[in-house]
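The values are calculated or read from the model by the stated rules, or taken from the named source; none is laboratory data. On a predicted model such as this, the values are computed, not experimentally measured, just so you know. Note that each Cβ is placed from the backbone with ideal geometry, even for glycine, and that neighbours are counted across all protein chains shown. Areas reflect the complete protein model, heavy atoms only, side chains present, ligands, DNA and RNA absent. Shrake-Rupley method; radii C 1.70, N 1.55, O 1.52, S 1.80 Å.
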Amino acid sequence: MDADQWDARYAATDLVWSVTPNQFVAAEVADLAPGSAVDLAAGEGRNAIWLASRGWDVVAVDYSSVGLAKGRRLAEDQQLPGSVSWVCADATTWESAPVHDLVVIAYLQLPADERRAAVRRGFAALRPGGTLLVVAHDTTNLAEGTGGPQDPSVLMTADDVLGDLTGEDLEVVRAGRVARTVDDGHGEEPARTAWDCLVRVVRTA
């Protein structure tokens, strides 16, 4: 989907995603001291707003101006100890000096070459000692899980993400497949398992 298609999707409903952060983002970031963060491909800003609620100063980047506008409105309704600045830009071409303590890339499902560009842009925005966290629908979810994109070209594994970072100075904190429980929200259907990949690395130089 391009920016216009995402604009249309975000405009068609109150919220495409939940107002709460992704469970893996919340769990992995919980032990980090607040600082400067980037939510790359932020969508409606749920992770960015959550980070700001914990004292982070966040740059929320997305190429959908409609998604960002919804996030901005959500943030304005809250008293956040941190801050969110909203930047309309493509995650594959956005650039930043290496000054951030955290970069989150959550469910940015792109073909391999575009994914690699976004992952490397995110890593380049980190200061030494900063954390890159990538969460995405895992390749195995197509056959073994539920939901998510049905196009294998935009799915990935943790090894794929680590491969995107070949040649970079980093320490791998966590890299693998993680299970996420999905239900229908009404308790009428049994819970199902979705499979995500999760990569957390620290830039060392």
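Some points to look at:
- Normalised by 2.2 N^0.38 Å, with N the number of residues, the alpha-carbon radius of gyration of the range 135-178 equals 1.27.
- Carbon/sulfur fraction of accessible area - the range 18-81, other protein chains in place, 1.4 Å, %: 50
- Taking the charge dipole of the chain about its Cα centre, with +1 at Lys and Arg Cβ atoms and -1 at Asp and Glu Cβ atoms, the residue from 123, 178, 198 reaching farthest to the positive side is 123.
- Between amide H atoms placed 1.01 Å from N, distances below 5 Å from residue 173 occur with 200, 201, 202, all of them 5 or more places distant or on a separate chain.
- Rg and Dmax of the range 56-167, based on Cα coordinates, read 15.2, 43 Å.
- 74, 132, reordered so the largest accessible area comes first (probe 1.4 Å): 74, 132
- Annotation: extensible slack from residue 31 through residue 192 equals 55.1 nm (criterion: 0.36 nm per residue apart, minus Cα-Cα distance).
- Compared with the direct C-alpha span, the chain from residue 53 to residue 72 gains 5.5 nm at full extension, assuming 0.36 nm per residue.
- Dimensionless Rg over Rh [the chain; C-alpha; Kirkwood]: 0.94
- To the nearest 10, the accessible area of residue 157 is 40 Å² with a 1.4 Å probe.
- The length gained by stretching the chain between residue 181 and residue 142 to full extension, at 0.36 nm per residue less their Cα-Cα distance, is 12.5 nm.
- Which of 88, 197 is most accessible, then next, and so on - probe 1.4 Å: 88, 197
- Here's how it looks for residue 182: its modeled amide H is under 5 Å from those of 192, 193, 194, which are all 5 or more places away or on a different chain.
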